Structure formats: structure tokens, C-alpha cells
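Report on the following structure.
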């Protein structure tokens, strides 16, 4: 019997642990959203919340449907697999009503540098330059057609060779 008398403090500690666990479950029931766990470790109602936001991106298919001349040039160049809105921004509004929004022409001196500034973290075969040494501040489209950037006869010639429309 003396063993149980000495273990009384352990029973009190176990009781406190059970009470704390029950309080935790009670609070968790009020704090965690009801749809949590519906689709894995996520809040199921989040899908409706995200779907309520207006569409921002049209997708490259919408761009290429109207801008076929640029799409033809782009598919033959190094940027064939770069989606239009990666450079031109989200343009769902322009796609829905082209007259309502005229997209701004990107500043190629800044835009091209986002991907092509030299970095040891990029693959060796990826075209990399030091923008200050490479162009001296001259916009990239002076020598390169952004939609098909190899230096050649169609470089920097605007719409006729697939420049911005």
C-alpha cells in the first residue's frame, strides 16, 4: 500500500495532463475551421475563396489566338516555351476586351535582365550576360527580337519580325 501512497503525486500529474488535453480539444474545436482536412491538410472552404477572385491571367493560348504573327516568330525562337504573360504581365482583361486595355510595352533593358543576368546558380547552357557590360544601357530589342532573341536580320524590327504588337 505504501507504493500507491507515494504515487499519489503521479496520479495528480496524470489528471492535470488529461484535463489539459481535454481543454486543448475543446479550444481546437472552436478555433479550427469546420472544413479543415476536407481535402488533405487544407481548409476546404479556401477553394471557394480563391475561386471568388477575378481571373488575372488569360493564358498563352488567348494571346496566340489574336497575335498569330508573333506566335509564329516565338515558336521558332528560344522563348517558344515562355508564356506571354511571364513578360507582358497578367492580361485577362485585355483578352476579354482588347479595346479596353492597351498593354504597356515592357522595358527590355529591365525585363530581359530578370532572367538573363549572369549568376553561378543558373545552368551553364543558359544565356547569361552582365547587362552593364553587354549593352551599355541600350535596350535589348535594339539587337535582339524579344520573341526570338537570336541576333540576326529580324532583330529589333518591331511588328514585322514579331516585336510587340
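Each reported figure results from applying straightforward, stated rules to the coordinates on display, with no laboratory input. In this text, all values refer to a predicted model and were calculated from it rather than measured experimentally. When we count neighbours, we look across all protein chains shown, and the Cβ atoms used for this are built from the backbone with ideal geometry, even at glycine.
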Contact order normalised by residue count of the chain, Cα under 8 Å, 6+ apart, percent: 19
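Kindly put 102, 142 in sequence by how many other C-beta atoms sit within 10 Å of each C-beta, fewest to most.
Ordered by Cβ neighbours within 10 Å, fewest first: 102, 142.
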Helix-only [θ]222 nm of the chain, DSSP H runs n ≥ 4, -39500 (n - 2.57) each, per residue, nearest 500: -12000 deg cm²/dmol
Mean Cα-pair separation over length for the range 60-135, i.e. relative contact order, pairs under 8 Å, 6 or more apart, %: 18
P(r) histogram, all alpha-carbon pairs of the chain included - 10 Å bins from 0, percent: 8, 23, 19, 13, 10, 9, 7, 6, 3, 1
For the range 77-109 versus the range 1-57, the gap between their alpha-carbon centres in whole angstrom: 46
Diffusion constant of the range 1-57 at 25 °C, which comes from Stokes-Einstein with the Kirkwood Cα-pair radius and 0.890 mPa s, µm²/s: 161
Using alpha-carbon coordinates, inclination of helix 8-31 to the longest axis of the chain, degrees: 40
